[in-house]
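Below is one structure, written out as C-alpha cells; the observations come after it.
Taken together, the values in this text are just the output of simple stated rules run on the coordinates, not laboratory data. A quick note: this is a predicted structure, and the numbers were derived from the prediction, not measured. Backbone-built Cβ (ideal geometry, glycine too); neighbour counts: all protein chains shown.
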Amino acid sequence: MKYFVVQDVFQYTWEQVVCGFWKRYPNPNSRHIMSEDVLDRKLVGNKLITKRLITKKGSIPKWGEKFIKGCSKAYVVEESIVDMANSTFTTYTRNVNLKDISTVDEKCVYTADRLHTTLTRQGWVASFRRFSANMIEQFTFHKFKSSTAKSAEGFKLVLGKLYHHETEHPSRAEKLKNSAKIAKDIAKSKVFHTSTCDGNAR
Amino acid sequence: MNSVGEECNELKRSYDECFNHWFANKFLNGDRNEPCPDLFAKYQSCVKKAIKDKDIELWELERNVLGTEHEKKPPK
C-alpha cells in the first residue's frame, strides 16, 4: 500500500469553498469526469451528509491493457459531511469497480482558517494483483497524485469564476512554481509498503 | 454536469439548481429543513433505475465508509 498526505490552501472562506464544491464540475481540468449523481442526502442535526456517484473515464497505460478487459469507466463513490458546528467539510472517495486491479481511497478535510480554507488530503493506493501489484501501485499512485493536484487547480478555477477572485487563476510563473512543488511533494511523499495477508502483493 | 443516466439529466439539473440555492441561502444560514424533497424524489427514482443497467455492485454503493471503522488510516 502507498500513502500520501498533502496540504493546500484555498484563498476563499470556508462557506465559499463548500458552496463551490457542489459546482466544481465541469471545469477545464475535469474532462475525465463523465457524470456525477447524488445517491443519498440527509440532514442530521447540524450536518449535511451526502453520498454521490461519479463516473470517470478510465485511462489505462499500454502495459495495463492486458490486465483489463473492456472496462474504460471508473465508478467512484464520494461520501461527504458538511459539519456546521465545527466548520469542517470532509469527503471520502473510493473506487467501486476495477478493485481487482487497484483500490484508491482519498480523504479530504476542508477546515476554516479565518479568511482562508485549509485542505488536508490523504490518499491510499493498494493493489493485490499477483506479480504485478507493485507496478500497478507505482503507476496508480503517481497518476493519482498528479490528478489530485490538477483537480484542486480546477476547483480553484471554478471558485475564481464564482467569486471573481482573479488571483486564483495561476499565472505561468505560478504554474511552474506549482509544478515544481508537486514534483517535490511526490519525491518527498511518504511511501509505505505493507505486506498483505495472502502474500500476493510482492 | 451530466447524470449517469442520460434520461435523468433534466431532473438532475432542476434538483442541482434548487439544492445549490438551498445550500447557500438556507443551510449555511441555519435553516434545517430538507432541501427540495419533491425534485429529489423524482431525480432519485430516475438515477436508481439508470444505475441498475450499469455494471456496478449495488452493495458497494450502499455501504458507508466515512466516519466508520472502514476508513483507511494513515500508516503508523
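Tabulated values for the structure
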quantity	calculated
Helical contribution to [θ] at 222 nm, DSSP H n ≥ 4, -39,500 (n - 2.57), averaged over chain B, rounded to 500	-15500 deg cm²/dmol
FRET efficiency for A:ALA85 and A:GLN11, using Cβ-Cβ distance with R0 set to 35 Å, rounded to 0.05	0.90
Distance from the range B:3-76 to the range A:150-165 (C-alpha centre basis), Å	22
Net charge of neighbours whose Cβ lies under 13 Å from the Cβ of A:LEU119, counting Lys and Arg as +1 and Asp and Glu as -1	0
Partner chain coverage, peptide A:25-38 - average Cβ within 10 angstrom	4
Per-selection Rg to Rh, chain B - Cα, Kirkwood hydrodynamic radius	1.08
